[in-house]
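Participant: Right, I'll just put the structure down here and ask away after.
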Amino acid sequence: MLSEPAILATLRQHHLFNRLPEPAFQEVCGLANLRRLEAGDCLFHQGDAAERFYLVMDGQMKLIRTLPEGQEKLVEVIHSGQSFAEALLFSGTRFYPVTASALRSSSLVSIDGVHYRHLLESQPKICLDLLASFSIRLHQRLNEIDTLTLANASRRVVRFLDQAPQSANGDIQLSVSKRLIASQLGIQPETFSRILHRLIDAGLIAMQQRTIQILDRSSLASYCD
């Protein structure tokens, strides 16, 4: 059961809960709990029963899918304020399709999925708002698929840089390691590093540790190696 005011306030502001009537919200909190993980700790494994979904209060989680060939593929990195596994409530999927583990020390709110779905069944207007949210995430997944279907590894990296969030001054901050980004792009880590160095040598980007500055966006967009 959740009782800390700060956690309740954060949960209340999230799009999955901000439209719930107060009695329904209190029911959710009564069945929710707080999970704390250290870096490297596993929250659930691919194939485990999908009974709960999660909201990251602080920290960073990674979702990894193991392919039939045994290769691991980074699906997504979840940051503070983001939720994950909630879409499984509506897809009929009984088991988690990924493994979730902490990239760094993290705190998460764990929510009873079946109970939450039952609440939504009595609140049809809220479902429309959730459909809009899920639609946005679907488009993000489609963009990622487009990136992975590009045959040329250089084009995958260029597309990643073009779509990466930028700070106020236009810089790109890599929030995870190059190894994880390479996994998400479907290339080897050394290939990712090699392409970044080529872009630096071509005068298209500058890089300082995990900060990337795009120097020539138009030339970068047309780069092909």
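The values are calculated or read from the model by the stated rules, or taken from the named source; none is laboratory data. Quantities reported herein were computed from a predicted structural model and do not represent experimental measurements. Ideal geometry is used to build each Cβ from the backbone, glycine not excepted, and the neighbour counts take in all protein chains shown.
Participant: So how many residues does region 1-37 have that are crowded, with 18+ Cβ neighbours inside 10 Å and without any contact (Cβ under 8 Å) to a residue 12 or more places away in the chain?
Facilitator: Summing the residues that are crowded, with 18+ Cβ neighbours inside 10 Å and without any contact (Cβ under 8 Å) to a residue 12 or more places away in the chain in region 1-37 gives 1.
Participant: If you don't mind, another one. Select, from Arg179, Arg194, the only residue that is farther than 16 Å from His79 by Cα, touching a Phe, Trp or Tyr at 6+ places or on another chain (Cβ under 9 Å), not aromatic (Phe, Trp, Tyr) and not assigned by TED's automatic domain parsing to the domain that holds His79.
Facilitator: Just a single option satisfies the conditions, and that option is Arg179.
Participant: Between a first residue in region 98-111 that is assigned to a strand (DSSP E or B) and a second residue that is polar (S, T, N, Q) and surrounded by fewer than 20 Cβ atoms within 10 Å (Cβ to Cβ), which pairs have beta carbons less than 6 Å apart while being 6 or more apart in sequence or on different chains?
Facilitator: If the second residue must be polar (S, T, N, Q) and surrounded by fewer than 20 Cβ atoms within 10 Å (Cβ to Cβ), the pairs left are Thr99/Gln46; Ser110/Asn33.
Participant: Of everything in region 114-131, what is part of a helix (DSSP H, G or I) and of a type in the set (Ser, Thr, Tyr)? Give them in sequence order. Working first, answer last.
Facilitator: Here is the first cut: in region 114-131, the ones part of a helix (DSSP H, G or I) are 114-121, 124-131.
Once the filter is applied, which keeps residues that are part of a helix (DSSP H, G or I) and of a type in the set (Ser, Thr, Tyr), region 114-131 yields only Tyr116.
Participant: Let me ask you something else. What number of residues in region 59-74 are farther than 14 Å from Ser175 by Cβ and either among the aromatic types (Phe, Trp, Tyr) or buried (at least 19 other Cβ atoms within 10 Å of the Cβ) (or both)?
Facilitator: Total satisfying the criteria: 1.
A quick yes/no check of all residues on (1) closer than 24 Å to Val114 by Cα; (2) in contact with an Asp or Glu (Cβ under 8 Å, 6 or more places away or on another chain); (3) not in a strand (DSSP E or B):
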| position | (1), (2), (3) |
| --- | --- |
| Glu27 | yes, no, yes |
| Gly30 | yes, no, yes |
| Phe53 | yes, yes, no |
| Met57 | yes, no, no |
| Val77 | no, no, no |
| Glu86 | yes, no, yes |
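Participant: Pull out all pairs, ordered by first then second residue, where Cβ-Cβ is under 8 Å, the residues are six or more apart or on different chains, the first lies in region 118-129 and is of a type outside the set (A, V, I, L, M), and the second is at pLDDT below 75 and part of a helix (DSSP H, G or I).
Facilitator: Qualifying pairs under 8 Å: none.
Participant: Only one of Arg117, Arg94, Arg104 is closer than 11 Å to Asp58 by Cα, surrounded by fewer than 18 Cβ atoms within 10 Å (Cβ to Cβ) and among the charged types (D, E, K, R); which?
Facilitator: Arg104
Participant: Hey, another quick one. Go through region 156-187 and report how many residues are modelled with pLDDT under 85, over 24 Å from Arg104 (Cα atoms) and in a helix (DSSP H, G or I).
Facilitator: 1
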